[in-house]
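To keep things clear, I will list the structure first and then write my remarks on it.
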Amino acid sequence: MKTNATDMPDQNTALALKAARKKREARSRIYKHIFLLLVSVIMLYPLAWLFAASLKPENEIFNSIGLWPSEFKWDNYTEGWNALPLSFTVFYKNSTIVTLLSVIGNLLSCSFAAYAFARLRFTGKNLFFGLMMMTLMIPYHVVLIPQYVLFLKLGWVDTYLPLIVPRFLASDAFFIFLMVQFFRQLPRELDEAAMIDGCSPYKIFWVIILPLSLPAMGTAAIFSLIWVWEDFLAPLIYLNDIQSYTVPLALRLFLDQEGQSAYGQMFAMSVLSLVPVIIFFAAFQKLIVRGIATSGMK
């Protein structure tokens, strides 16, 4: 088959347009990567400044805008660990206990509530789901005083119970909504097949729904860990004894309004307080992406 001479310019034009389009797409990708790189630098700068400040002498932290210290003061880490009346090991242990129990409570209670809203039929389900969603719009400060009075009457103040027990009562509506959206994507034929085999709703949840919901459960666990580990307000209100302080409260002890504040040691301990969160997030970040993506599908 012969090609006409008149077809050659059209082919050359198409090839030229295709090459120009590829060149534009490559240039666009480069610009996007440069933009994302600049945004990443802006977002990571506070962490870089925190790490740099943890290695600076006291008189250089706020007097120099540069990140590179004139001398590396590694003693901020060793001195900061034992600078308070109690070792920082105690505060790490307290935060670990509160965080782990809170994460377990959130996963158990919120998954049960989400399973009921997503898979079961009962009277008033839509009403209760709407009331649950309305709690997302209520600021925490609105219920702060009533909760404190309730826990004071129960004798729970200065214990970990106000920080842990509500987690076992499905008090975080965000995680319930997240899991409801994920559970609704699972085929209902699985439930019907399990019911034919004689499975109860409780067994269907443990044997079928829960193993298929690892992305949503992982996302809830990671967010719960980050929020509880970094929570400052609730421990500040309910914990009075220094021996029960969590890490955020312990960091506040480095600031002395009447004397000299140990900023270098405080920043050093702040860096160490971020290590568990960063490690946990880096290890399970794929679950976050999968959980959010799948729970938002329609």
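The values are calculated or read from the model by the stated rules, or taken from the named source; none is laboratory data. Keep in mind it's a predicted model, so treat the numbers as computed, not measured. Neighbour counts are summed over all protein chains in view; Cβ atoms, including those assigned to glycine, are modelled from backbone coordinates with ideal geometry.
With respect to residue 65, determine if the residue is outside the structural domain of residue 162 (by TED's automatic domain parsing), aliphatic (A, V, I, L, M) and modelled with pLDDT of 80 or more. So residue 65 fails the test.
Okay, residues lined up against (1) modelled with pLDDT of 80 or more; (2) assigned by TED's automatic domain parsing to the domain that holds residue 251; (3) more than 30 Å from residue 128 (Cα to Cα):
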| position | (1), (2), (3) |
| --- | --- |
| 20 | no, no, yes |
| 29 | yes, no, yes |
| 32 | yes, no, yes |
| 35 | yes, no, yes |
| 45 | yes, no, yes |
| 80 | yes, no, yes |
| 101 | yes, yes, no |
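Scanning region 109-123 for residues that are hydroxyl-bearing (Ser, Thr, Tyr) and surrounded by fewer than 19 Cβ atoms within 10 Å (Cβ to Cβ) yields one hit, 123.
Out of 225, 251, 214, 255, one residue alone is surrounded by fewer than 16 Cβ atoms within 10 Å (Cβ to Cβ) and either touching a Pro at 6+ places or on another chain (Cβ under 7 Å) or under 30 Å from residue 148 (Cβ atoms) (or both). It is 255.
As for region 70-90, it holds no residue that is of a type in the set (Lys, Arg), more than 23 Å from the chain's Cα centre (by Cα) and closer than 26 Å to residue 209 by Cα.
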